[in-house]
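Heads up, the thing below is written out as C-alpha cells.
The values are calculated or read from the model by the stated rules, or taken from the named source; none is laboratory data. Not measured: the values here are computed from a predicted model. Reconstructed Cβ throughout: ideal geometry from the backbone, glycine too, with neighbour counts over all protein chains shown.
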Amino acid sequence: MYEIDLRRNNLSGPIPSEFVLLSSTVTYIRLNGNSLTGPIPSTLFDGSSRGNNFSSGSYMTNLQRFHVHYNSMTGKIGTGKGMPNLLSLRLDHNEFVGTIPWQLSELSSLESLVIAANKLSGDIPFLLGDLSALTHLDLSDNKLQGTIPYEISNLKLLTDLELDSNALTGNMPFAVCSQLPFLENAVVDCDDVVCWCCEGCTIDLRNAITPFDEP
C-alpha cells in the first residue's frame, strides 16, 4: 500500500482524475497546504464516469484518508461513494459551496469529518447521525442554518463537536449533552444556540451540571 503525500508545497491547478489509476494501492492522499483549485474530481470522490473515459464505480476502495484542506478548491461537495472506506475526510479551509450531502452518512467507517471554513449552506443532514464510528465532527465557520439535529446524539464515540460560526438556532439537543459518554468538547454560537451544558461556548461534560427540568 502507498501514500500520495504532497503536503505544503506550492502546487496549483486541479486534482488529476488519473489518481484513480492508483486505486488498488493508495491508502492515503494528502494534498493539504497547497494552492489547488477547482472541484474534487467526480471520478475520485463520487465514482462517476461523467466527463471522463473511466467507467462508474467505487474506485478508491483502499483509501483511508483524503486530506485536501487549506487549498482554494471550489464547487460542490460530492457524495463520497467513490471512497467508501474512508476513515478521515478533511475538506476544510477551501471555497466549497452548496449543502452538505446526506450521502456522506453512508461512509460507515468514517472517524473524522472536517469540512469547516467553507461556504456551505442549508441544514445539517440528520443522517450524519448514522456515522457510528465518528469521533470528530467539525462543521464550523460555514453558513449552515436550522437547528442541531437530535440524531447527533447517536454518535456514541464522538469526542469533539464543532458547530460554531454558523447561523444555527434553537437548542442543543439534551441527548447530545447527556448520552454521549466520550464527548469532551463542543463549540456552538452561544448567542444563538441554547445549551444547558455549555461552559462558555465549550461543552465539558466532566464539569457539566444536569438541570432539574430535563427538556
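Just a few scattered comments:
- Among (1) without any contact (Cβ under 8 Å) to a residue 60 or more places away in the chain; (2) assigned to a loop (DSSP other than H, G, I, E, B) - the single one ASN62 does not satisfy: (1)
- Within the stretch 3-41, the residues that satisfy the criterion of being of a type in the set (Gly, Ala, Ser) and not in a loop (DSSP other than H, G, I, E, B) are SER12, GLY13, SER17, SER35, GLY38.
- Restricting attention to the stretch 71-120 and to residues that are touching a Gly at 6+ places or on another chain (Cβ under 9 Å) and acidic (Asp, Glu), the residue that is surrounded by the most Cβ atoms within 10 Å (Cβ to Cβ) turns out to be GLU106.
- When the criteria are applied in full, GLY129 meets the requirement of being free of Cβ contacts under 8 Å to residues at least 60 places away in the same chain and either under 21 Å from SER88 (Cβ atoms) or buried (at least 17 other Cβ atoms within 10 Å of the Cβ) (or both).
- From the options SER112, SER121, SER153, SER88, residue that is hydroxyl-bearing (Ser, Thr, Tyr) and more than 14 Å from the chain's Cα centre (by Cα): SER153
- Hey, LEU134 under 13 Å from the mean Cα position of the chain (by Cα), under 27 Å from ASN34 (Cβ atoms) and not hydroxyl-bearing (Ser, Thr, Tyr) or not: yes
- In this entry, LEU44 is excluded by the filter for residues that are closer than 19 Å to LEU155 by Cβ and either assigned to a helix (DSSP H, G or I) or touching a strand residue (DSSP E or B) at 6+ places or on another chain (Cβ under 8 Å) (or both).
- Selection status of ALA117, at pLDDT 95 or above and at negative phi: no
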